[in-house]
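One structure is given here, and the rest of the page talks about it.
Since every read-out is calculated from the coordinates, none of them should be taken as a lab result. Worth saying up front: this structure is predicted, and the values here are computed from it rather than measured. A quick note on method: Cβ atoms are made from the backbone with ideal geometry, for glycine too, and the neighbour counts reach across all protein chains shown.
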Amino acid sequence: MGHLLDKVRENEPLIHNITNKVVTNFTANGLYAVGAAPVMANAIEEVEEMASIAGAVILNIGTLTTEQVEAMVLAGKSANKNGTPVVLDPVGAGATSMRTKAAHRIIEEVELSLIRGNSGEIAALSGVETEVKGVDGISELAKEELAKQAFNQWKVPIVITGPEDVVWDGKEGISIFNGHPLLTKVTGAGCLLSSVIGAFLAVEKNVLQAAESALSFYGVAAERAAKKTSLPGSFQIEFLNSLYDTTSEIVEENKRVSPFTEA
Ligand code: ATP
Ligand code: TZP
Ligand code: MG
Ligand code: MG
């Protein structure tokens, strides 16, 4: 089997994003750079139709409105009818009760392929004591343990990101150690990542494989971009360039991943 990055670039899957106002443009440009085809569609009147032709649907609650929650549920259910993967990015869950409630409703009403958040967001969704500062979360529990706890509660594969990333599918887990601190200085680094994971899920139904490939690719691309600049503004541009010119061979040479299990 070829590398999933090559499969994304060959297939150019349509990725339907219902996302926040802060990161919309960056997410679209990032998906183009990776080789996918982004579309942003939010209206209640059209989301079911758009989701029905997409390769993956991304639900991101970063700048939520009441109407947007309805649209997300409709889009998610439409994707479910076609077996299309759906990713939830619970931005700022735990920071306000509206966000936590919306995330819970989506998890309950939509069959999700994966939830991707920072430690604070995943802890808040799972009822683990935590502190959330705006959209940036802090949680003390080890990511591996937190991912397992969240999976056990929701029965949905979990990705938790930060300096180290983890993915847990209920049976197997992988830690990914690539990435760069400059990613924390660019808004939307997490949101774009959720959409990129969606692009990989569009070409690979095995969630563990798709997430591992997307996360290692993304982290290696960031490391290469950081070799070109140490400034956040330039890094944003260099990162987009790197998402475009990082090859599957470069990812394989530079990825740092390690599996973990139930014990
Ligand atoms: P937060 O709001 O906590 O920043 P987020 O939604 O932006 O969360 P991150 O956890 O920042 O998501 O993850 C986005 C990307 O940034 C991931 O690829 C992750 O590996 C990377 N990343 C985050 N922090 C660091 C860090 N300190 N060092 C290296 N990579 C990092
Ligand atoms: N405020 C609401 S959504 C958003 C901010 C700053 C973007 C969050 O993006 P990310 O990818 O979680 O850093
Ligand atoms: Mg971040
Ligand atoms: Mg985020």
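From the mean inverse distance of alpha carbon pairs (Kirkwood) and the Cα radius of gyration, derive Rg over Rh for the range 153-263. Ratio of gyration radius to Kirkwood radius for the range 153-263: 0.97. Taking 7 Å steps out from each Cα toward its Cβ at residue 22 and residue 142 produces label points 3.0 nm apart.
Stretching the chain fully between residue 77 and residue 231 yields a gain of 51.3 nm (0.36 nm per residue, less the alpha carbon separation). In this simple spin-label approximation, residue 66 and residue 98 carry label points 7 Å from Cα along the Cα→Cβ vector, and these lie 1.0 nm apart. In the chain, inverting the average of 1/r over every pair of distinct C-alpha atoms gives 17.9 Å as the Kirkwood radius. Put in order of Cβ neighbour count within 10 Å, fewest first, the listed residues 9, 256 become 256, 9. Taking one quarter of the surface of the convex hull spanned by the alpha-carbon atoms of the range 1-101 gives a direction-averaged projected area of 6.8 nm². Here the label points at residue 6 and residue 261, each 7 Å from Cα along the C-beta direction, are separated by 3.1 nm in the simple model. Of all the Cα-Cα pairs you can form in the range 50-95, what percent are over 17 Å apart? Tail fraction, whole percent: 31. The convex hull drawn around the Cα atoms of the range 49-163, when projected onto a plane and averaged over every direction, covers 6.7 nm². Full extension of the chain between residue 172 and residue 43 gives 42.7 nm of extra length, using 0.36 nm per residue less the Cα-Cα distance.
Relative to the current alpha-carbon distance between residue 241 and residue 129, full extension at 0.36 nm per residue lengthens the span by 36.4 nm.
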